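The values are calculated or read from the model by the stated rules, or taken from the named source; none is laboratory data. If you're wondering where the values come from, they're calculated on a predicted model, not measured in any experiment. Note that each Cβ is placed from the backbone with ideal geometry, even for glycine, and that neighbours are counted across all protein chains shown. The accessibility values were calculated without ligands, DNA or RNA, using every heavy atom of the protein model including side chains. Shrake-Rupley method; radii C 1.70, N 1.55, O 1.52, S 1.80 Å.
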Amino acid sequence: MLNRVKSVLMNVVGGSELGLQYPTDSDNETVTDYLNLNIVTEVENKPYSRPSFLGLTTEETQVSADHRVRPIIVPRDLSRLPWCAGYAECINAGKSTWNEDQTSATRGDLKLADVNVTLPYVMFSMFDGHAGYQVALTARLHLHRIILGRLMAIPGNMLLNEDEDELIKGRDLVIGAIELAYRQMDQMVEVQAQGGGGGCTAITILFLNGRLYAAGAGDSRAVLVLGESQRALTRDHTPDSESNRVRALGFLRSTELLKGHFTPLEFRKRPLQKELGSMVLYREPYMTGWAYKVLTISDLKLPLISGHGKRSRVMGTIGVTRGFGDHGLKAASTGVNIKPFLSSQPEVQSINLDSCNLTERDCIIVATDGLWDVVSDKTAANILRKTLAPDNPSLEYRLTMGAQELVQAARGRLVGRAWVGKSENLEETDEKFSPMASVDDISVLVVPLYPYLCEHKQWLKTTQQERRYSMDSLHISVNNSV
């Protein structure tokens, strides 16, 4: 396995350092443009590129987009990601020209001037584009800056406050900053998305002041792997999982938003014209039970939400209900705008890492639905544990190997004209019942948790020492003046 990883690492030749995590990067400008938080900055379309920490040249980017081979790409220089986090990706099997997933990673310091403290942070974001790559690419280049601008607008003494007796804690303000940043990002891409730039899901992992923040909008997912347990930190936002929210909006504003083409009611089975006047089972938004009604001609309209699970759709068109973009998206054959039913608001979880009893093998798996459509949370966690279990090679390589193994598990292998996965219950040569593999773009990050906790404890120790030294110096100065 190690030789295979080394082979891939050596085959990906690093280009010039354009990663967002470097202060000398052309993309890494200051956040001053975002300090005026009421202004929505227009963005221009950028040429297609892969995540900058991969360091791919133009030629290598072309090779990575081979739909027939679907090569698994990993960074050659593992140090370009904070804590040498593991990363791997591969392109889809031909549904779009380019890999429309994007990922960014950045680390730095928040200067809290009012309390004279510099607070380190680390941030990872992942975006799954659809109907074009442009919105996902724009989010990769700008979202981290917008979040930083929002964080810098928080008074330092409030940001650092974690007193459980306080009504508003620092973590509440951080969550609010992320939520506002997501809305601002969506507003920034509005013109771009109206011009056919599509949209994207979004997920952000932020380490700040000893806490982990996981924000998700869409069906990419973050899964926390602690010891022998695992749990999702984000929830998939699909028409099925958000049926009540979407249908309630349609119910309250049906004339304005549905234009007489759709019904917000849910029926036990799709009603037929021949059933007019008969009693049918239905329910309104937020109902958990069912009721009977007399079927009328109005009930034969197209359902606002159709299908179930991953096949559910809003107005028969889109399968995710949160993220950025899609401002120009209209329902097929009706011309009804779908954007009012889509939200950019993320759901955010916050965890105090000091309470988790972390080890160096505890990680977060962040991945697009190219992984989660075919690999369960439990299976992904088991793959990662198995890869990280040995003591050799070094952890930085095992993290990359873990990401690569997860991509491999989802992509499977090409048998004839189909990509198939491998079942652990079948013989290697038995292809007849092999499960289907993912034909979508697949991106996976494996982020270790323990290094941040160590860094944060060291920061606390250093900050306390500096404060003690400052107080001692002030005391000596006062005594000398007396």
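With a cut-off of 17 Å on the backbone N, no residue of region 331-367 is near the modelled label site 7 Å out from residue 255 along Cα-Cβ.
Treating r as the C-beta distance of residue 357 and residue 291 and R0 as 45 Å, the FRET efficiency rounds to 0.40. Among the listed values [x] 172; [y] 196; [z] 157, the one computed from these coordinates for volume of the Cα convex hull per residue in Å³ is [y]. With the simple spin-label model, which puts each label point 7 Å out from Cα in the Cβ direction, the residue 461 to residue 167 separation comes to 3.9 nm. The trypsin sites (Lys or Arg not before Pro) of region 56-105 that DSSP puts in a loop, and whose beta carbon has at most 15 other beta carbons within 10 Å, are 68, 95. Fully extending the segment from residue 417 to residue 97, taken as 0.36 nm per residue of separation minus the present Cα-Cα distance, adds 113.4 nm. Heavy-atom surface analysis with a 1.4 Å probe gives the chain a carbon and sulfur content of 51 percent of its accessible area.
Shape class of region 232-308 from the alpha-carbon gyration tensor: prolate, with a/c at 1.5 or above and a/b greater than b/c. Extension gain, residue 42 to residue 330, is 101.4 nm, computed as 0.36 nm per intervening residue step minus the present C-alpha separation. For the residue pairs 259/293; 169/386; 46/259; 310/422, alpha carbon separations beyond 29 Å are given by 169/386; 46/259. In this simple spin-label model, placing a label point 7 Å from the Cα along the Cα-to-Cβ direction at both residue 391 and residue 158 gives a separation of 5.0 nm. Judged by the mean number of other Cβ atoms found within 10 Å, the most tightly packed of the peptides 286-298, 356-368, 249-261 leads the ranking 356-368, 249-261, 286-298.
Using only the Cα atoms of region 221-374, build the gyration tensor, take square roots of its eigenvalues as a ≥ b ≥ c, and label the shape rounded, prolate or oblate: rounded if a/c is under 1.5, else prolate if a/b is larger than b/c, else oblate. It comes out prolate by the Cα gyration axes. Per residue, the average separation of C-alpha pairs within less than 8 Å and at least 6 apart gives the chain a relative contact order of 17 percent. Averaging the sequence gap over all C-alpha pairs within less than 8 Å and six or more residues apart, then dividing by the number of residues, gives region 310-369 a relative contact order of 24 percent.
Taking each residue as 0.36 nm, the span from residue 382 to residue 248 lengthens on full extension beyond its C-alpha to C-alpha distance by 44.3 nm.
For region 207-244, the residues whose amide N sits under 18 Å from a probe point set 7 Å from the Cα of residue 270 along the beta carbon direction are 239-240.
Below 12 angstrom from the Cβ of residue 211, what's the summed charge of the other residues (Lys, Arg +1; Asp, Glu -1)?
Summing Lys and Arg as +1 and Asp and Glu as -1 gives -1.
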